[in-house]
1. Tally time: how many residues in the stretch 2-60 are on the phi > 0 side of the Ramachandran plot and out of contact with any helix residue (DSSP H, G or I) (no Cβ under 8 Å at 6 or more places or on another chain)?
2. Could you list, in sequence order, the residues of the stretch 105-124 that are within 26 Å of P18 (Cβ to Cβ) and either in contact (Cβ under 8 Å) with a residue 60 or more places away in the chain or surrounded by 14 or more Cβ atoms within 10 Å (Cβ to Cβ) (or both)?
3. Residues that are surrounded by 11 or more Cβ atoms within 10 Å (Cβ to Cβ) and in contact (Cβ under 8 Å) with a residue 40 or more places away in the chain: list the helices (runs of 4 or more DSSP H) wholly contained in the stretch 22-90 that include at least 2 such residues.
4. Residues to consider are K127, K93; find the one that is in contact with a strand residue (DSSP E or B) (Cβ under 9 Å, 6 or more places away or on another chain) and either without any contact (Cβ under 8 Å) to a residue 40 or more places away in the chain or surrounded by fewer than 17 Cβ atoms within 10 Å (Cβ to Cβ) (or both).
5. Are any residues in the stretch 54-110 in contact with a Pro (Cβ under 8 Å, 6 or more places away or on another chain) and closer than 19 Å to F3 by Cβ, and if so, which ones?
6. Do we find that R57 is over 23 Å from T117 (Cβ atoms) and either of a type in the set (D, E) or modelled with pLDDT under 95 (or both) in this structure?
Amino acid sequence: MRFLLDTQLVLWAPVSGPRLSRLARAVLNDPASELIFSTVSIWEIAIKRSIGKIDSRIDPRIIRRELLAMGYDELPVLGQHAAEVDALPFIHKDPFDRLLIAQAIVEGITLLTVDATVARYPGPIRKV
């Protein structure tokens, strides 16, 4: 099964840290899982790092490189993804999360999220 990781999981997956739930670990470690991260998450990390919202030691370049080395696929942002945001109900204000949800819908990929608000959206979303 194909899974698109939300930004929190993108941050936690390379280190397999204690913040990962048992369910998240199971999905991430399952050889049958095709794991995908979005350019959106790398962009979000870069922006939040540059404005001081996340630890300055978190380098989006390194995270991207580590995910690719771990065999994750990268999903670029397409115009179709951006346009799909318009069709989403306004449950959540975060533009990064809304674009990740739109990507999951357009691509038919299950979005893995740790965010209960994101999980309220209709579509292929799974809270872990």
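1. 1
2. Correct list: T110, L111, L112, T113, V114, D115, V118, A119.
3. 22-29, 39-50, 60-69
4. That would be K127, the only listed residue that is in contact with a strand residue (DSSP E or B) (Cβ under 9 Å, 6 or more places away or on another chain) and either without any contact (Cβ under 8 Å) to a residue 40 or more places away in the chain or surrounded by fewer than 17 Cβ atoms within 10 Å (Cβ to Cβ) (or both).
5. I63, E66, L67, M70, A104, I105, G108, I109, T110
6. Spelling it out, R57 is indeed over 23 Å from T117 (Cβ atoms) and either of a type in the set (D, E) or modelled with pLDDT under 95 (or both).
The values are calculated or read from the model by the stated rules, or taken from the named source; none is laboratory data. These numbers were taken from a predicted model, which means no experiment stands behind them. We place every Cβ from the backbone using ideal geometry, glycine too, and count neighbours over all the protein chains shown.
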